[in-house]
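S.K.: Let me begin by handing over the structure; questions about it come next.
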Amino acid sequence: MKYRPERLVIEKGVAGSPLVKRILETLPGISVDWVDELKEDADGENGSFLEIVKFRGRFIKPCPGTRFYNCCGYQILNLGIHCSLGCTYCILQAYFTSRNVRLFANLDDAIQQLTEHLDNSRRQTHRIGTGEFTDSLLLDPLIHLSEHLVPLFAAQPNAILELKTKTAQVDLLENLDHRGHTIVAWSLNPPQVIAGEESGAAPLEARLEAAQRCQRWGYRVAFHFDPLLAYPGWQQGYQEVVDRLFSAVAPGGIAWISLGTLRFMPSLKTIIQQRYPNTSILDEEFIPGLDGKLRYFRDLRVEMYAHLNELLLGIHKDLCVYLCMESDDVWREALGFSPAERGGLSAMLDRRALS
Amino acid sequence: MTEKESYSIQLDEVDWNDASCLITYGPLPDKLTLSIQTVGLIQKPLLQRNRDGLLRIVCGSRRLAVCQQLGLEPLSCEILPTSISPETCLRMAIYDNIAQRDLNPVEKSLVLTKMAQHEDQAQLIQEFMPLLNLEPSTVIFGRYKKLLLMEESILDAIAGGTLHERIGFVLSPLEQGDRFAFFNFFQELPFSVSVQEELVETVVEIGRRDNLTPREVLDSAEVNDLRRAHKRSARQRVQEIRKQLLATRAPRLTAREERFDREVGKLKLPAGVRVVPPPYFEGPRWSLECTFERGDELATRLRQLAELADQPEFKQIMESE
Ligand code: SF4
């Protein structure tokens, strides 16, 4: 499962960056194409190339929530795009034409922007994640990004880094000085869903074992049941995941657990049908949501959220369970309260982040 | 300018099997036959002698076909020298046709498919798709190229305008039996193009979910009963079949709509008042429609509605199961 590109495509302008040097040392003998500038649509449609470029935009941005649903107020630190794990439902397939992983080599610029951003808003609590446009730990064994980010956040009184992953590549985290400012998070699904829809990602057991190790090293962990998938027997499937989760992980050390049913831009539907003709994730009925994304019909969403919430709180009543991109009425019906009753979703999570 | 010479030819000199420059598709227009019958060939067809000594048609295939039908020969034609490349001949055929008329979708597909043998795809898309009044896009190019893989009767319907090319696009990836099941269905009942598209998607998805072929879905007892309910008008049958198939595809939404109708029915709303749920019951925005003719009528309705809003039955309508 370890990510090993077939070829590197590197912009000449970043040839001297420490990140490039490290990658070339770690992958001796790999073929390299040196290019002046990489366009959005590079070759290697099968995703086997690693593209290393200079990123010229803003590295840190708010999560693109919509006004129709409750957004968690997350911020994204964008250090690369795309992912090689090949989940059938991955939204990135609709965002980017190329399937190659692309890494931004000017890490110094990113860190400078990040520190300026944090310095400029000291009063605000920042929950920042790197796993929005790629998997946070996919390239870690290759580029050791965590060695830069974890200590940096450890020194920030008002910020938390969330590393979201479907891998079990946590070895490098063991000896880092995190001071409780890094949360390591896994997306979870039943083993049969992982086998069918997330076949390039780590199996459930490996993810939970990695979470257990992180807890041992003092990290808080988080879990995202996202996307929750409705399939015949989903109730039992998710019950088993919850059982296995709590036999591996201590509930007191869980920062939060999010729930979000499958949703996607309509353009992704055709891509999924073409790339994964045998997947059954499109079998359920979908309706266009207020944000234009296709999602399960609300009654099914409410049923799934209520079921999971009951399972989770049945094990530990103090868990912080939240819904990702849902409206107040769905919150109330599924969880019994709306975020506004607890000061808003963002504030709820901020309190957990720094507790 | 290309050098060409006028010759008088016999029709058995024409290589009718050489379709390399043929981009016309569809029945011969009656007006063309009438014109040739009445005043003879006004514009000379353009041909090129091939290696076997026969004449390949470059421009004027329909004029020549009419002449053949009418037994008109010898014919005065223009003949291109053999030095002219097949690509140039094909370009002549294309430009000659598009200068005179709009091509039908099958002909557009023929242009793109035949030119693809000579030209790189990106250039072809940029040069020829706008000429054919098509948006220059790889996706649309791919759709047109696949049209030609379908059976003749379907292509005839597309060329003749009884089946929209958009439906051709969605039918082309299907198995032959499924394609014909849809084709016959659409020829039988007056579905609009957008409903036809929706039905193909719906039926294919039902089939995928329930492990049935689209043909089996269309052949289900429920659909067949509605299809054969000849006492109802074709329009009614179309609506009912559509409703039936959408309900099969979206049972949860359908159940919710039915429950909503039942519960609203029990409320006994005042005349002229309608409760409208949010689209797909998504989001908090419900609305109320109230029609009235006089101010006192409005006041009465509002009083009645205020009472209604407090009733548990009304609140229940807004909750999910
Ligand atoms: S792990 Fe995340 S980013 Fe990677 S393919 Fe799966 S859904 Fe996409």
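The values are calculated or read from the model by the stated rules, or taken from the named source; none is laboratory data. In this text, all values refer to a predicted model and were calculated from it rather than measured experimentally. Cβ coordinates were reconstructed from backbone atoms using ideal geometry, including for glycine residues, and neighbour counts include every protein chain displayed. Only protein heavy atoms, including side chains, enter the accessible area calculation; ligands, DNA and RNA are left aside. Shrake-Rupley method; radii C 1.70, N 1.55, O 1.52, S 1.80 Å.
S.K.: Would you please classify the overall shape of segment B:38-105 from the alpha carbon gyration tensor, given that a ≥ b ≥ c denote the square roots of the eigenvalues, rounded means a/c under 1.5, and beyond that prolate means a/b larger than b/c while oblate covers the rest?
M.R.: It comes out oblate by the Cα gyration axes.
S.K.: A follow-up question, please. With no solvent and one point per C-alpha, what does the Debye sum give as log10 I(q)/I(0) for segment A:203-355 at q = 0.11, 0.17, 0.18 Å⁻¹?
M.R.: -0.48, -1.09, -1.18
S.K.: For segment A:81-170, what are the per-bin percents of Cα-Cα distances with bins 10 Å wide, up to the bin holding the maximum?
M.R.: Pair shares across the bins are 15, 45, 31, 10, 0.
S.K.: Still on this structure: So which lysines pass the test for A:Lys2, namely a Cα distance under 20 Å, with those fewer than 8 places away in the same chain ruled out?
M.R.: Result set, ordered by chain and number: A:Lys21, A:Lys164, A:Lys166.
S.K.: In Å, what is the Rg of the alpha-carbon atoms in chain B, and how long is Dmax?
M.R.: 29.5, 93
S.K.: Continuing with the same structure: Any idea what the dipole of the protein assembly as shown comes to, in debye rounded to 20, about its Cα centre with Lys/Arg Cβ at +1 and Asp/Glu Cβ at -1?
M.R.: So the magnitude is around 1120 debye.
S.K.: Using +1 on the beta carbon of Lys and Arg, -1 on that of Asp and Glu, and nothing else charged, what's the dipole of segment B:262-316 about the Cα centre, debye to 20?
M.R.: 120
S.K.: Here's another thing I want to ask about it. Within segment B:273-312, which GluC sites (Glu not before Pro) sit in a loop by DSSP and count at most 10 neighbouring Cβ atoms inside 10 Å? Working shown, then result.
M.R.: Numbers: sites: B:Glu282, B:Glu289, B:Glu293, B:Glu297, B:Glu307; in loops: B:Glu282, B:Glu293.
Taking segment B:273-312 and a limit of 10 other Cβ atoms within 10 Å, the loop GluC sites (Glu not before Pro) found are B:Glu293.
S.K.: Is the shape of segment A:1-127 best called rounded, prolate or oblate, per the rule: a/c under 1.5 gives rounded, else a/b larger than b/c gives prolate, else oblate, with a ≥ b ≥ c the square roots of the Cα gyration tensor eigenvalues?
M.R.: Taking the square roots of the gyration eigenvalues as a ≥ b ≥ c, segment A:1-127 is oblate.
S.K.: Trypsin sites (Lys or Arg not before Pro), restricted to segment A:57-158: which are DSSP loop and have at most 16 other Cβ atoms within 10 Å?
M.R.: A:Arg58, A:Arg67, A:Arg122, A:Arg123
S.K.: Please give the length that would be gained between B:His118 and B:Gln176 if that part of the chain were fully extended, namely 0.36 nm times their separation in residues minus their C-alpha to C-alpha distance (nm, one decimal).
M.R.: So the extension gain works out to 17.9 nm.
S.K.: Return the unpartnered cysteines for chain A, using a Cβ-Cβ cut-off of under 4.7 Å.
M.R.: A:Cys63, A:Cys71, A:Cys72, A:Cys83, A:Cys214, A:Cys320, A:Cys324, each lacking another Cys Cβ under 4.7 Å.
S.K.: Using Cα-Cα distances under 8 Å and only pairs 6 or more residues apart, what relative contact order does segment B:262-316 have, in percent?
M.R.: Working: 39 pairs, mean separation 18.9, N = 55.
Here the relative contact order equals 34 percent.
S.K.: Would you work out which of A:Phe153, A:Ser31, A:Ala94 lies farthest towards the positive end of the dipole of chain A, given +1 charges on the beta-carbon of Lys and Arg and -1 on that of Asp and Glu, about the Cα centre?
M.R.: A:Phe153
S.K.: From the C-alpha coordinates alone, can you work out the Kirkwood hydrodynamic radius of segment A:159-207, in Å?
M.R.: 12.0
S.K.: Between A:Leu27 and B:Ile140, what FRET efficiency comes out of the Förster formula 1/(1 + (r/R0)^6) with R0 = 45 Å and r the beta carbon distance, rounded to 0.05?
M.R.: 0.65
S.K.: Follow-up question, since we're still on this one. Taking the DSSP beta bridges in segment A:196-313 as the whole, what percent of them are antiparallel, to the nearest 5? Could you put the intermediate results ahead of the total?
M.R.: Numbers: 5 of 10 bridges.
Bridges in segment A:196-313 that DSSP calls antiparallel: roughly 50 percent.
S.K.: Something else now. Where in chain B is the longest stretch that carries no chymotrypsin sites (Phe, Trp or Tyr not before Pro) classed as loop by DSSP and with at most 16 other Cβ atoms within 10 Å?
M.R.: Answer from the scan: B:17-285.
S.K.: Let me ask something else. Going by accessible area, probe 1.4 Å, with all protein chains left in place, what is the ranking of A:Leu77, B:Leu72, largest first? The partial results should precede the final answer.
M.R.: Details: A:Leu77 5, B:Leu72 60 Å².
In descending accessible area the options line up as B:Leu72, A:Leu77.
S.K.: Continuing with this model, one more query. Give me the percent of Cα-Cα pairs in the protein assembly as shown that sit more than 45 Å apart, rounded to a whole number.
M.R.: 41
S.K.: Additional query: Calculate the length of the line joining the C-alpha centroid of segment B:145-214 to that of segment B:1-64, in whole Å.
M.R.: Distance between centres, Cα-based: 34 Å.
S.K.: Simple spin-label model, 7 Å along Cα-to-Cβ: B:Ala306 to A:Lys12 in nm?
M.R.: Taking the simple label geometry, B:Ala306 and A:Lys12 are separated by 7.9 nm.
S.K.: Additional query: Nearest 20 debye, what's the magnitude of the dipole of segment B:1-101 about its Cα centre given +1 on Lys and Arg Cβ and -1 on Asp and Glu Cβ?
M.R.: With Lys and Arg at +1 and Asp and Glu at -1, about 320 debye.
S.K.: Amide H neighbours of A:His224 under 5 Å, counting only residues 5+ apart in sequence or on other chains, H built in-plane at 1.01 Å?
M.R.: A:Trp186, A:Ser187, A:Leu188, A:Ser258
S.K.: Computed FRET efficiency, Cβ-Cβ of B:Glu151 and A:Arg122, R0 60 Å: what is it to the nearest 0.05?
M.R.: Calculated transfer efficiency: 0.30.
S.K.: Also: Work out how far the C-alpha atoms of chain A reach from end to end along every principal axis, then list the three figures in whole Å, largest first.
M.R.: Projected onto its principal axes, the Cα set of chain A covers 55, 48, 38 Å.
S.K.: Another one. Separation between the B:Gln10 and B:Asp210 pseudo-spin-labels, each 7 Å from Cα along Cα→Cβ, expressed in nm?
M.R.: For B:Gln10 paired with B:Asp210, the spin-label model returns 6.4 nm.
S.K.: Along the charge dipole of chain B, which of B:Val217, B:Phe128, B:Gly160 sits closest to the positive end, that is, farthest toward it, with unit charges on the beta carbon of Lys, Arg, Asp and Glu (+1, +1, -1, -1)?
M.R.: Sorting the options by dipole projection puts first B:Val217.
S.K.: Can I ask one more? Can you tell which of A:Tyr305, A:Gln212, A:Gln124 lies farthest toward the positive end of the dipole of chain A, using +1 and -1 charges on the Cβ of basic and acidic side chains (Lys, Arg; Asp, Glu)?
M.R.: Among A:Tyr305, A:Gln212, A:Gln124, the one farthest towards the positive end of the dipole of chain A is A:Gln124.
S.K.: What lysines sit close enough to B:Lys146 to cross-link, taking a C-alpha to C-alpha distance under 18 Å and skipping anything fewer than 8 places away on the same chain?
M.R.: Output for B:Lys146: B:Lys108, B:Lys114.
S.K.: Within segment B:132-234, report the trypsin sites (Lys or Arg not before Pro) that DSSP leaves as loop and that have at most 13 other Cβ atoms within 10 Å.
M.R.: Within segment B:132-234, the qualifying trypsin sites (Lys or Arg not before Pro) (loop, at most 13 other Cβ atoms within 10 Å) are B:Arg228, B:Lys231, B:Arg232.
S.K.: Same structure, new question: Calculate one ³J(HN,Hα) per residue across segment A:91-96 by plugging θ = phi - 60° into the Karplus curve 6.51 cos²θ - 1.76 cosθ + 1.60, and present them in order as whole Hz with x for glycine and proline.
M.R.: For segment A:91-96, the Karplus curve yields 5, 4, 4, 8, 7, 10 Hz.
S.K.: Please compute the volume of the convex hull spanned by the alpha-carbon atoms of segment B:262-316 and report it per residue in Å³.
M.R.: It is 86 Å³ per residue.
S.K.: Reachable lysines from B:Lys268, Cα under 25 Å, same-chain residues fewer than 8 places away excluded?
M.R.: Once the sequence-local lysines are set aside, what remains near B:Lys268 is B:Lys315.
S.K.: Can you run phi through the Karplus equation (6.51, -1.76, 1.60; θ = phi - 60°) for segment B:231-248 and list ³J(HN,Hα) in whole Hz, with x for Gly and Pro?
M.R.: Karplus-based 3J(HN,Hα) across segment B:231-248 equals 5, 8, 5, 4, 5, 5, 4, 4, 5, 6, 5, 4, 4, 4, 5, 5, 5, 5 Hz.
S.K.: Here is a follow-up. When a/c reaches 1.5 or more, the comparison of a/b and b/c decides; with that in mind, is segment B:138-236 rounded, prolate or oblate per its Cα gyration tensor? Working shown, then result.
M.R.: Numbers: a/c = 2.05, a/b = 1.39, b/c = 1.48.
It is oblate, given that a/c is not under 1.5 and a/b is not larger than b/c.
S.K.: Continuing with this model, one more query. Along segment B:294-305, what does the Karplus equation 6.51 cos²θ - 1.76 cosθ + 1.60 (θ = phi - 60°) give for ³J(HN,Hα), rounded to whole Hz, x for Gly and Pro?
M.R.: After applying 6.51 cos²θ - 1.76 cosθ + 1.60, I find 9, x, 5, 5, 4, 4, 4, 4, 5, 4, 4, 5 Hz.
S.K.: Once label points are set 7 Å from the Cα along Cα→Cβ at both A:Val35 and A:Phe68, what is their separation, rounded to one decimal in nm?
M.R.: Result for the modelled spin labels: 3.6 nm.
S.K.: In the calculated pair distance distribution of segment B:219-321, what percentage of Cα-Cα distances lie above 19 Å?
M.R.: Result: 58 percent of Cα pairs exceed 19 Å.
S.K.: Please work out how much accessible surface A:Glu147 shows to a 1.4 Å probe, ignoring ligands, DNA and RNA, in Å² rounded to 10.
M.R.: 70
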